[in-house]
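Undergrad: I have a structure here, written as structure tokens, and I will follow up with some questions on it.
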Amino acid sequence: MIMLRLLLLVLFLRGVTFSQTPDFLTRLRLAQSYEQAGHYEQAVALYQELLSKDPLNAACSESLSRVYVQLKRYDEAIALLQRRLIMNPNDITLRGALGSVYHKAGRDKEATAEWEKVIQVDPKNPNVYRSVAGVLLENRLLDRAAELYRRGRLACNDPSLFTLDLAHLLSVSMDYAGAMTEYIRWLRQNPTQLSFVQNRLSAFTAKEEAQTAARDVVRAELRSGDDPRLYELLAWLYMEGKSYEEAFEVYKKLDGLTNAKGARVYAFAERAFKEGAFDVAAEAYLETINAPIAPSRLPYAKYGYATALKEIGVRSDTLARFSVAGATPATESQPRYAGPIAYFREIIHEYPHSEFSAKSYYQIGIIQFERYFDLDGALSAFENVEKELPGSDAVQFDVRLRIADVLTAKGDTAGAAGRLLTVVNAPTALPDQQDEAGYRLAELDYYGDRFRSAIERLDAISSNAKADFANDALSLRVFLHENQSTAEPALRHFARADFLARQRRYTEAIPVYLKVIEQYPQALLVDDAIMKVASLQAKARLFADAVASYQRLLTEFKESSIALDRAQFNIGDLYQYGLIDKMKASAAYEKLLADYPQSLLADQARKRIRELRGDTF
């Protein structure tokens, strides 16, 4: 026995000495390069040569076995691994690899036998099960790997073993209920790791069937007793699936269980609002107000409720598409925004000279300007913001931008420019605020026929590709540059019409655009003028005229305009929401798909066609 060990030691030392020679290392690297390049036959020849000179070299043996498998020379790979196992009969890695080769050769009985031998080396060692499971996973034997993990739990008498391994494996196998069960098991073992579990679940909860299975498992677990962590997990699952009403109910339950006094519901309201679920956000804010939440949080909830009511009105206007709101000045008696305005005024009364009163005035100003086009009312509201919160630079600069918008709409370009310049020149203004102010000043230069000055201002903004107004600035700059050099008189008329449109004097702007089209037929901006006319006709509810204008563009500029697909889509839009003619709307969208299949609007047109047909998928 001693002599045998000495002989093996001598052979090993000789192998080490040989393996360190430059020639050996060079040929080993050559063999590896052949293998990496997919030249397996050449690699096999070199590995065999090297192994014949150094039989105990583990790296060569592993490489040769790997290449044998690539060439499907399984018998040779099996023989090589068996020779190595004679020297190391308890090497579980080698025996697992031998089982893998048996499996690839279609000899499943022998493969299973080898893997069983690995387990019997130490049947109560979790790492043994992990090792074999890893080999099973490499061979895509997912069900057998899952069963082995479960067997290992029993053998080791530890039901908490392999929880994350099994959860991941089951999710990959699309056994979402099983995966959810394992993640709940992990959460019970690790109560502080809810966010970790949510992160893992997010890998598959985008699928509806996974969402359903996961929620069913959590609800089943909750039948055995209230667990705040599981309620939080269930609420999160509902939110991930955009099931906001169901999530709201869970958050109410969770709020009561944890004695949060409305804090949980408020947090839900904030997230629902950010995700655009304004109806349920409004309900949640109101629930919070009535809870009641802590006095310090109450104004936040009230402001959130009023803002959600406002956004519900905005969404209704958007769905109405061709709404007459804003065409002429209106009063607060209009029902859609009367509720939020009244609530904002209540906040102003309850929390005077605070950030909440200032923000409420700001929101009233936005409604008055954008929804009612009540310029005096909007101006008054914005000026009140300046009075309510005089020390906040960010708010003050933002308000000045909005006041400049109102003054521009009133035709007071000098007053608007004065407000904008205070933002541009203020060292404490945010970069985005300064960019917006610069862009608005460029617009005023454009309206005033100061095209060169406008271009200079736009150059400064468009040079920063990350600026919010970079694209707008670049578009206006290109438009001014190409038209100033080719048809400046036409550009002046166009600018005047744009200024009238900015003031919502649509019936005055349309004839000016038409004059540009008639007097300067060769100008590059004629197709832009036709698009503007059609857009304003739609806003003035002259739907048939708008369709005719878009058709004119499609006919007269079919070889040159870049807006043809948009014009065709807008015809469908007018028929669908303005003239209420489903057949013509569908035909218009189908024509867009036929004539402009590469249009960015193609997917939206297909969706509209499905809606018109009443498809539910």
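Undergrad: Which of the lysines could a cross-linker span from K515 if the Cα-Cα distance has to be under 26 Å and same-chain partners fewer than 8 positions apart are dropped?
TA: Cross-link targets: K410, K532, K539, K558.
Undergrad: Next question, about the same structure. Would you list F196, F162, F451 from fewest to most Cβ contacts within 10 Å?
TA: The order, fewest Cβ neighbours first, is F196, F451, F162.
Undergrad: For the chain, what is the mean residue ellipticity at 222 nm derived from helices alone (per DSSP H run of n ≥ 4: -39500 (n - 2.57); sum divided by total residues; nearest 500 deg cm²/dmol)?
TA: Result for the chain, helices only: -24000 deg cm²/dmol.
Undergrad: Would you mind calculating the relative contact order of segment 220-263 from Cα pairs under 8 angstrom and at least 6 residues apart, reporting the percent as a whole number?
TA: Averaging sequence separation for qualifying contacts and normalising by length gives 34 percent for segment 220-263.
Undergrad: For N190 and L142 in the same chain, what is the full-extension length gain: residue separation times 0.36 nm, less their Cα-Cα distance, in nm?
TA: Result for the pair: 14.7 nm of gain on full extension.
Undergrad: List, in order, the whole-Hz ³J(HN,Hα) value for each residue of segment 499-512 obtained from phi through the Karplus relation with A = 6.51, B = -1.76, C = 1.60 and θ = phi - 60°; use x for Gly and Pro.
TA: Rounded to whole hertz, the list is 5, 5, 5, 4, 8, 6, 9, 4, 5, 8, 6, 4, x, 5.
Undergrad: Does segment 359-509 come out rounded, prolate or oblate by the C-alpha gyration tensor, with a ≥ b ≥ c the root eigenvalues, rounded set by a/c under 1.5 and, if not, prolate when a/b is larger than b/c and oblate if not?
TA: Here segment 359-509 falls in the oblate category.
Undergrad: For K607, give me every one of the lysines with a C-alpha distance below 17 angstrom, ignoring sequence neighbours fewer than eight places off in its own chain.
TA: Candidates past the 8-residue exclusion: K582, K584, K591.
Undergrad: Net charge within 10 Å of Y343 by Cβ-Cβ distance, Lys/Arg positive one each and Asp/Glu negative one each, not counting Y343 itself?
TA: Summing Lys/Arg as +1 and Asp/Glu as -1 gives +2.
Undergrad: Can you give the FRET efficiency to the nearest 0.05 for Y577 and R151, using r as the Cβ-Cβ distance and R₀ = 45 Å?
TA: Once the sixth-power term is evaluated, E becomes 0.10.
Undergrad: Same structure, new question: For the chain, what is the relative contact order in percent, using Cα pairs closer than 8 Å and at least 6 residues apart in sequence?
TA: So the answer I get is 4 percent.
Undergrad: Just check the chain against the gyration tensor rule for me: Cα atoms, a ≥ b ≥ c as the square roots of the eigenvalues, rounded for a/c under 1.5, and otherwise prolate or oblate depending on whether a/b exceeds b/c.
TA: prolate
Undergrad: So, counting K/R as plus one and D/E as minus one, what does the shell of residues with Cβ under 12 Å around D527 add up to?
TA: Residues near D527 contribute +1 overall.
Undergrad: Can you return the lysines within cross-link range of K252? Criterion is Cα-Cα under 25 Å, with same-chain partners fewer than 8 residues away left out.
TA: List returned: K242, K261, K274, K302, K310.
Undergrad: Sorted from fewest to most neighbouring beta carbons within 10 Å, what does the list T205, T192 look like?
TA: By the 10 Å Cβ count, ascending, the order reads T192, T205.
Undergrad: So, one more: If you take the square roots of the eigenvalues of the alpha-carbon gyration tensor of segment 128-220 and sort them as a ≥ b ≥ c, do you get rounded (a/c under 1.5), prolate (a/b over b/c) or oblate?
TA: In terms of gyration-tensor shape, oblate.
Undergrad: Arrange the peptides 245-252, 385-392 so that the one whose residues have, on average, the most other Cβ atoms within 10 Å appears first.
TA: Highest-to-lowest ranking by the protection proxy: 245-252, 385-392.
Undergrad: Still on this structure: Taking neighbour Cβ counts within 10 Å as the exposure measure, how do L579, L286 sort from fewest upward?
TA: L579, L286
Where a number appears in this text, it was derived from the coordinates with a stated rule and is not lab data. Everything numeric in this text was worked out from a predicted model, so none of it was measured. Because the Cβ atoms are built from the backbone with ideal geometry, glycine has one as well, and the counts that use them run over all protein chains shown.
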